[in-house]
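The block underneath contains the structure these notes are about, expressed in structure tokens.
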Amino acid sequence: MASNKLGLIVRNFSSSSSLSQMVKPPIQVFGIEGRYATALYSAATKQKTLPHVEKDLLKLQESLKSEAKFKEFVVNPVIKRSIKADIMKTISTDISLAPQTSILVQVLAENGHLKNLTGVINAFKTIMAAHRGEVTCEVVTAKDLDASQKSKLEGVLKSFLKSNETIHLNTKVDPSIMGGMIVSIGDRYVDMSVASKIKKYSDLISTTV
């Protein structure tokens with residue numbers, strides 16, 4: 001069993017004694033996934049293995065997407081926790097995961113949270129983006145943006161950032177917004193879609209009729 005510091009930190013995360021031993025992440029992430037990701041970030045920072053751990057998690061995330069049997073094993077609630085932990089330990093050795101990553105997946109399995117692996121990975125990616133000074137921005141448009149439009153958009157969005165921050169732009173297409181765009185940058189959200197404007201005016205008309 002993976003009785004170790006990472007496991008203890010995760011299990012006792014709410015206690016002041018555990019919090020005092022943690023390396024504080026550059027951004028706070030919440031929920032079960034956030035607690036595990038924060039504990040992993042702390043452990044990897046102390047051991048100076050952040051790059052290795054990040055590569056490990058990306059490798060596991062790709063396997064979850066491309067290998068149906070592995071994904072089925074991870075989310076299967078019937079398999080005993082101890083068996084899952086042993087298998088994850090073997091997998092960790094076979095694919096040369098960093099000790100901190102290996103401990104994480106074993107603790108997830110032991111605690112019945114292996115099904116949350118994707119969420120933990122995404123939470124860790126959020127922490128690492130902040131660690132590098134990256135600010136994730138998601139822009140939803142009705143049609144694909146061409147290279148020129150993306151470049152101009154990035155230029156505008158960068159004006160909202162601090163001098164030591166860089167932007168990580170994700171674009172999505174959703175024809176239902178009809179036009180305009182929806183922008184999420186950091187903790188800010190702006191809906192400039194045509195669909196939103198139509199709803200606003202429709203609501204206004206309905207209250208005056």
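A few comments on the model shown:
- Yes/no for residue 87 being more than 29 Å from residue 136 (Cβ to Cβ) and touching a Phe, Trp or Tyr at 6+ places or on another chain (Cβ under 8 Å): yes
- Filter result for the condition that a residue is surrounded by fewer than 11 Cβ atoms within 10 Å (Cβ to Cβ) and over 19 Å from the mean Cα position of the chain (by Cα), over 86, 94: 94
- All positions within region 137-175 that are without any contact (Cβ under 8 Å) to a residue 40 or more places away in the chain, in contact with a helix residue (DSSP H, G or I) (Cβ under 9 Å, 6 or more places away or on another chain) and not in a loop (DSSP other than H, G, I, E, B): 166, 167, 168, 169, 171
- Just one residue in the set 43, 37 is in contact with a Lys or Arg (Cβ under 8 Å, 6 or more places away or on another chain) and of a type in the set (Gly, Ala, Ser); that residue is 43.
Conditions (1) within 29 Å of residue 168 (Cα to Cα); (2) without any contact (Cβ under 8 Å) to a residue 12 or more places away in the chain; (3) in a helix (DSSP H, G or I), marked per residue:
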position	(1), (2), (3)
62	yes, yes, yes
69	no, yes, yes
72	no, yes, yes
79	no, yes, no
90	no, yes, yes
112	no, no, no
127	yes, no, yes
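- Restricted to region 142-172, and to residues there that are exposed (fewer than 12 other Cβ atoms within 10 Å of the Cβ) and among the hydrophobic types (A, V, I, L, M, F, W, C), the residue that is nearest to residue 195 (Cα to Cα) is 156.
- Restricting region 176-189 to residues that are at pLDDT 85 or above and outside any loop (DSSP other than H, G, I, E, B) leaves a set whose member that is surrounded by the fewest Cβ atoms within 10 Å (Cβ to Cβ) is 176.
- Verdict on residue 114 being in contact with a Leu (Cβ under 6 Å, 6 or more places away or on another chain) and either in the same structural domain as residue 193 (by TED's automatic domain parsing) or modelled with pLDDT of 95 or more (or both): yes
- Complete set of residues in region 30-49 that are surrounded by fewer than 20 Cβ atoms within 10 Å (Cβ to Cβ) and aliphatic (A, V, I, L, M): 32
The values are calculated or read from the model by the stated rules, or taken from the named source; none is laboratory data. It should be emphasised that the depicted structure is a prediction, and the values quoted were computed from it without experimental measurement. Cβ: placed from backbone, ideal geometry, glycine included. Neighbour counts: every protein chain shown.
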